[in-house]
Amino acid sequence: MRVVKYHIKKQDIDIHSDLFSGIYTILTHTIGPNLTLEEALGGSFCSPVPDEVFIWSFMVKDKMVGFCYFTILTHEDLVIIRLTLSVERNYRHIVKMPYHDFLWEMIFIKLKNLSKKVVFYSNPINPIIYSVIREYTKNFLRYENNVLSQTATINKIYDLFEIERFSRVRNTPFKMEETSLNFETLRHKNKYVNDFLNQNPDFKQGTGLITMVPATIANMIYAVVKMSKKQFNPSKSKYKK
(Lines give C-alpha, C1' and ligand atoms only; values in the text may rest on other atoms or scores of the structure.)
Protein backbone atom coordinates (compact mmCIF):
# COMPACT_ATOMS: atom_id res chain seq x y z
CA MET A 1 0.00 0.00 0.00
CA ARG A 2 1.16 3.54 -0.69
CA VAL A 3 -0.16 6.89 0.50
CA VAL A 4 -0.64 9.82 -1.86
CA LYS A 5 -1.07 13.26 -0.30
CA TYR A 6 -2.94 16.19 -1.82
CA HIS A 7 -3.27 19.84 -0.80
CA ILE A 8 -6.07 21.59 -2.68
CA LYS A 9 -6.93 25.28 -2.56
CA LYS A 10 -10.49 26.61 -2.61
CA GLN A 11 -10.46 27.66 -6.25
CA ASP A 12 -9.30 24.18 -7.34
CA ILE A 13 -11.93 22.11 -5.49
CA ASP A 14 -13.89 20.07 -8.05
CA ILE A 15 -16.05 17.27 -6.65
CA HIS A 16 -16.43 15.87 -10.19
CA SER A 17 -12.67 15.26 -10.55
CA ASP A 18 -11.18 11.75 -10.52
CA LEU A 19 -9.85 12.21 -6.98
CA PHE A 20 -13.21 13.17 -5.50
CA SER A 21 -14.98 10.54 -7.59
CA GLY A 22 -12.74 7.97 -5.89
CA ILE A 23 -13.72 9.31 -2.48
CA TYR A 24 -17.38 9.19 -3.49
CA THR A 25 -17.08 5.57 -4.62
CA ILE A 26 -15.60 4.49 -1.29
CA LEU A 27 -18.31 6.30 0.65
CA THR A 28 -21.03 4.56 -1.35
CA HIS A 29 -19.35 1.19 -0.71
CA THR A 30 -19.00 1.69 3.02
CA ILE A 31 -21.72 3.82 4.58
CA GLY A 32 -24.14 5.01 1.90
CA PRO A 33 -24.88 2.89 -1.21
CA ASN A 34 -27.76 5.14 -2.31
CA LEU A 35 -26.02 8.49 -1.91
CA THR A 36 -25.78 10.96 -4.74
CA LEU A 37 -22.47 12.72 -5.36
CA GLU A 38 -23.88 15.95 -3.94
CA GLU A 39 -25.17 14.19 -0.80
CA ALA A 40 -21.89 12.42 -0.15
CA LEU A 41 -19.53 15.33 -0.79
CA GLY A 42 -21.68 18.45 -0.81
CA GLY A 43 -21.68 19.00 2.93
CA SER A 44 -17.89 18.86 3.14
CA PHE A 45 -16.88 20.67 -0.05
CA CYS A 46 -19.79 22.78 -1.26
CA SER A 47 -21.76 24.13 1.67
CA PRO A 48 -19.88 26.17 2.66
CA VAL A 49 -16.84 25.80 0.40
CA PRO A 50 -13.66 25.32 2.51
CA ASP A 51 -10.53 27.37 1.95
CA GLU A 52 -8.20 24.34 1.83
CA VAL A 53 -8.44 20.55 1.67
CA PHE A 54 -5.75 18.07 2.75
CA ILE A 55 -6.25 14.50 1.52
CA TRP A 56 -4.43 11.23 2.21
CA SER A 57 -5.36 8.66 -0.46
CA PHE A 58 -4.60 5.01 0.38
CA MET A 59 -3.67 3.12 -2.79
CA VAL A 60 -3.25 -0.59 -3.52
CA LYS A 61 -1.70 -0.89 -6.96
CA ASP A 62 -3.70 1.74 -8.88
CA LYS A 63 -6.89 1.47 -6.83
CA MET A 64 -7.96 3.88 -4.09
CA VAL A 65 -9.08 1.71 -1.17
CA GLY A 66 -9.47 4.43 1.46
CA PHE A 67 -8.92 8.05 2.29
CA CYS A 68 -8.56 10.53 5.10
CA TYR A 69 -9.16 14.21 4.51
CA PHE A 70 -9.67 17.37 6.49
CA THR A 71 -10.98 20.70 5.34
CA ILE A 72 -10.13 24.16 6.64
CA LEU A 73 -12.70 26.95 6.65
CA THR A 74 -11.95 30.47 7.88
CA HIS A 75 -14.91 32.54 9.02
CA GLU A 76 -14.24 35.95 10.58
CA ASP A 77 -11.95 35.27 13.60
CA LEU A 78 -12.64 31.52 13.53
CA VAL A 79 -10.82 28.66 11.77
CA ILE A 80 -12.79 25.41 11.52
CA ILE A 81 -11.18 22.03 10.81
CA ARG A 82 -13.32 19.07 9.69
CA LEU A 83 -12.09 15.47 9.44
CA THR A 84 -13.52 12.56 7.43
CA LEU A 85 -12.09 9.10 6.86
CA SER A 86 -13.21 5.81 5.34
CA VAL A 87 -11.57 2.56 4.22
CA GLU A 88 -13.06 -0.36 2.30
CA ARG A 89 -13.65 -3.33 4.60
CA ASN A 90 -11.31 -5.76 2.80
CA TYR A 91 -8.35 -3.40 3.13
CA ARG A 92 -8.67 -2.19 6.71
CA HIS A 93 -6.03 -4.59 8.00
CA ILE A 94 -3.33 -2.92 5.88
CA VAL A 95 -4.31 0.74 6.25
CA LYS A 96 -2.91 2.75 9.13
CA MET A 97 -4.78 5.98 9.72
CA PRO A 98 -2.47 9.04 9.90
CA TYR A 99 -3.66 10.24 13.32
CA HIS A 100 -0.23 11.57 14.20
CA ASP A 101 0.02 13.45 10.91
CA PHE A 102 -3.40 14.96 11.49
CA LEU A 103 -2.48 16.07 15.01
CA TRP A 104 0.71 17.78 13.81
CA GLU A 105 -1.16 19.47 10.95
CA MET A 106 -3.70 20.75 13.50
CA ILE A 107 -0.85 22.15 15.62
CA PHE A 108 0.70 23.87 12.57
CA ILE A 109 -2.67 25.36 11.62
CA LYS A 110 -3.03 26.75 15.15
CA LEU A 111 0.48 28.22 15.03
CA LYS A 112 -0.34 29.93 11.73
CA ASN A 113 -3.53 31.38 13.24
CA LEU A 114 -2.48 32.45 16.73
CA SER A 115 -4.76 35.49 16.64
CA LYS A 116 -7.81 33.36 15.76
CA LYS A 117 -9.80 30.63 17.44
CA VAL A 118 -9.19 27.22 15.86
CA VAL A 119 -11.84 24.54 16.36
CA PHE A 120 -12.04 20.93 15.22
CA TYR A 121 -15.66 20.19 14.24
CA SER A 122 -17.16 16.78 13.49
CA ASN A 123 -20.42 14.86 13.77
CA PRO A 124 -19.42 11.17 13.85
CA ILE A 125 -22.06 8.49 13.41
CA ASN A 126 -19.69 5.78 14.64
CA PRO A 127 -19.25 5.44 18.44
CA ILE A 128 -15.65 4.26 17.97
CA ILE A 129 -14.65 7.38 16.04
CA TYR A 130 -16.21 9.52 18.78
CA SER A 131 -14.39 7.56 21.50
CA VAL A 132 -11.02 8.13 19.75
CA ILE A 133 -11.70 11.88 19.61
CA ARG A 134 -12.65 11.89 23.28
CA GLU A 135 -9.65 9.83 24.32
CA TYR A 136 -7.23 12.41 22.91
CA THR A 137 -9.10 15.52 24.05
CA LYS A 138 -9.10 17.28 27.40
CA ASN A 139 -11.70 20.03 26.84
CA PHE A 140 -14.77 20.25 24.57
CA LEU A 141 -17.01 23.10 23.47
CA ARG A 142 -20.55 22.63 24.79
CA TYR A 143 -23.43 24.91 25.60
CA GLU A 144 -23.73 23.39 29.06
CA ASN A 145 -20.23 24.65 29.96
CA ASN A 146 -21.89 28.07 30.41
CA VAL A 147 -18.78 29.92 29.19
CA LEU A 148 -19.80 33.08 27.33
CA SER A 149 -16.85 33.11 24.91
CA GLN A 150 -17.39 29.42 24.10
CA THR A 151 -21.11 29.97 23.50
CA ALA A 152 -20.33 32.71 20.97
CA THR A 153 -17.98 30.36 19.10
CA ILE A 154 -20.50 27.51 19.16
CA ASN A 155 -23.24 29.78 17.81
CA LYS A 156 -21.01 30.85 14.90
CA ILE A 157 -20.39 27.21 13.97
CA TYR A 158 -24.07 26.29 14.32
CA ASP A 159 -25.12 29.21 12.13
CA LEU A 160 -22.44 28.50 9.53
CA PHE A 161 -23.52 24.86 9.16
CA GLU A 162 -27.22 25.61 9.62
CA ILE A 163 -27.62 23.57 12.81
CA GLU A 164 -30.49 24.19 15.21
CA ARG A 165 -29.24 25.96 18.35
CA PHE A 166 -28.57 23.73 21.39
CA SER A 167 -28.95 20.55 19.34
CA ARG A 168 -26.52 17.74 20.24
CA VAL A 169 -27.08 15.69 17.07
CA ARG A 170 -27.23 16.41 13.36
CA ASN A 171 -28.84 14.40 10.57
CA THR A 172 -26.41 13.19 7.89
CA PRO A 173 -27.03 11.45 4.55
CA PHE A 174 -24.96 8.47 5.73
CA LYS A 175 -26.02 5.25 7.40
CA MET A 176 -24.02 3.36 10.00
CA GLU A 177 -22.06 0.56 8.33
CA GLU A 178 -22.65 -2.97 9.59
CA THR A 179 -19.92 -4.02 12.02
CA SER A 180 -19.03 -7.06 14.11
CA LEU A 181 -18.60 -4.85 17.18
CA ASN A 182 -21.34 -5.02 19.81
CA PHE A 183 -21.70 -1.41 20.91
CA GLU A 184 -24.07 -2.29 23.76
CA THR A 185 -21.35 -4.49 25.22
CA LEU A 186 -18.70 -1.86 24.61
CA ARG A 187 -20.69 0.77 26.51
CA HIS A 188 -19.86 -1.13 29.70
CA LYS A 189 -16.14 -1.15 28.84
CA ASN A 190 -15.67 2.31 27.39
CA LYS A 191 -17.16 5.41 28.99
CA TYR A 192 -16.91 7.37 25.73
CA VAL A 193 -18.90 4.79 23.79
CA ASN A 194 -21.46 4.91 26.60
CA ASP A 195 -21.56 8.71 26.36
CA PHE A 196 -22.11 8.51 22.61
CA LEU A 197 -24.94 5.97 22.84
CA ASN A 198 -26.69 7.95 25.57
CA GLN A 199 -26.61 11.18 23.57
CA ASN A 200 -27.14 9.72 20.10
CA PRO A 201 -29.30 6.56 20.34
CA ASP A 202 -30.46 6.89 16.70
CA PHE A 203 -26.95 6.78 15.21
CA LYS A 204 -27.80 3.76 13.03
CA GLN A 205 -30.26 5.98 11.16
CA GLY A 206 -27.46 8.38 10.27
CA THR A 207 -27.53 10.97 13.06
CA GLY A 208 -24.11 12.27 14.05
CA LEU A 209 -23.11 13.51 17.48
CA ILE A 210 -21.97 17.13 17.17
CA THR A 211 -18.41 17.33 18.50
CA MET A 212 -16.32 20.51 18.78
CA VAL A 213 -12.78 20.59 20.12
CA PRO A 214 -10.90 23.89 20.56
CA ALA A 215 -7.26 23.78 19.44
CA THR A 216 -5.97 25.12 22.74
CA ILE A 217 -2.47 24.62 24.14
CA ALA A 218 -3.94 22.38 26.87
CA ASN A 219 -5.74 20.17 24.36
CA MET A 220 -2.75 19.85 22.05
CA ILE A 221 -0.32 19.01 24.86
CA TYR A 222 -2.82 16.46 26.19
CA ALA A 223 -3.11 14.81 22.75
CA VAL A 224 0.66 14.73 22.18
CA VAL A 225 1.28 13.14 25.59
CA LYS A 226 -1.47 10.56 24.98
CA MET A 227 -0.12 9.64 21.55
CA SER A 228 3.44 9.44 22.87
CA LYS A 229 2.38 7.01 25.58
CA LYS A 230 0.55 4.88 22.99
CA GLN A 231 3.55 4.87 20.68
CA PHE A 232 6.03 3.76 23.32
CA ASN A 233 3.65 1.44 25.14
CA PRO A 234 1.31 0.00 22.48
CA SER A 235 -1.52 -2.20 23.71
CA LYS A 236 -4.01 -4.48 22.05
CA SER A 237 -7.25 -3.04 20.76
CA LYS A 238 -9.94 -2.49 23.36
CA TYR A 239 -12.60 -3.18 20.79
CA LYS A 240 -13.07 -6.92 20.47
CA LYS A 241 -15.93 -8.81 18.94
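The values are calculated or read from the model by the stated rules, or taken from the named source; none is laboratory data. Please read these numbers as outputs of a predicted model, since none were measured by experiment. Note that each Cβ is placed from the backbone with ideal geometry, even for glycine, and that neighbours are counted across all protein chains shown. Remember, those area values only see protein heavy atoms, side chains included, never the ligands or the DNA or RNA. Shrake-Rupley method; radii C 1.70, N 1.55, O 1.52, S 1.80 Å.
Miscellaneous remarks
- Dipole size of the chain about its Cα centre, with +1 on Lys/Arg Cβ and -1 on Asp/Glu Cβ: approximately 1280 debye, rounded to the nearest 20.
- Under 11 Å, Cβ to Cβ, from Asn123 - net charge with Lys/Arg +1 and Asp/Glu -1: +3
- Magnitude of the charge dipole for the range 145-223, about its Cα centre and with charges confined to Cβ atoms of Lys, Arg (+1) and Asp, Glu (-1), is about 180 debye.
- Accessible surface for the chain, divided over its residues, is 54 Å² per residue with a 1.4 Å probe.
- The alpha-carbon atoms of the range 136-226, seen along their principal axes, cover 40, 35, 19 angstrom, with the largest extent given first.
- Which of Leu19, Ile133, Val147, positive extreme of dipole for the chain (C-beta unit charges): Ile133
- Here the 3J(HN,Hα) profile of the range 138-143, calculated from phi with Karplus coefficients 6.51, -1.76 and 1.60 at θ = phi - 60°, is 8, 10, 10, 9, 8, 4 Hz, Gly and Pro shown as x.
- Largest GNM mean-square fluctuation across Asn126, Asn190, Asn182, computed for the chain with C-alpha springs under 10 Å, falls on Asn182.
- Links that overshoot a 19 Å alpha carbon limit, given the list Lys63/Lys96; Lys110/Lys230; Lys138/Lys226; Lys5/Lys175; Lys138/Lys229: Lys110/Lys230; Lys5/Lys175
- Amide H contacts under 5 Å for Val79: Lys117, Val118, Val119, restricted to partners 5 or more places along the chain or on a different chain, H placed in the peptide plane at 1.01 Å from N.
- Across the chain, the relative contact order, built from alpha-carbon pairs under 8 Å that are at least six residues apart, equals 20 percent.
- For the chain, carbon and sulfur atoms together expose 53% of the accessible surface, with a 1.4 angstrom probe and every protein chain in place.
- Val169 long-range amide H proximity, modeled H, under 5 Å: Ile210
- Signed unit charges on C-beta, dipole axis of the range 113-205, positive-most listed residue Phe183, Val118, Tyr158: Val118
- Helix-only mean residue ellipticity at 222 nm for the chain, each DSSP H run of n ≥ 4 adding -39500 (n - 2.57), per residue, nearest 500: -11000 deg cm²/dmol
- Span from the the range 137-204 Cα centroid across to the the range 69-87 one, whole angstrom: 17 Å
- Protection proxy ranking of 171-179, 76-84, by the mean of other Cβ atoms within 10 Å over each peptide's residues and highest first, is 76-84, 171-179.
- Order of exposure, largest accessible area first, which applies to Ser122, Ser115, Ser21, Ser180 with probe 1.4 Å: Ser115, Ser180, Ser21, Ser122
- Gyration tensor over alpha-carbon atoms, the range 82-187, equivalent ellipsoid semi-axes in Å: 27, 20, 13
- Shape of the chain, Cα gyration tensor, a/c cut at 1.5: rounded
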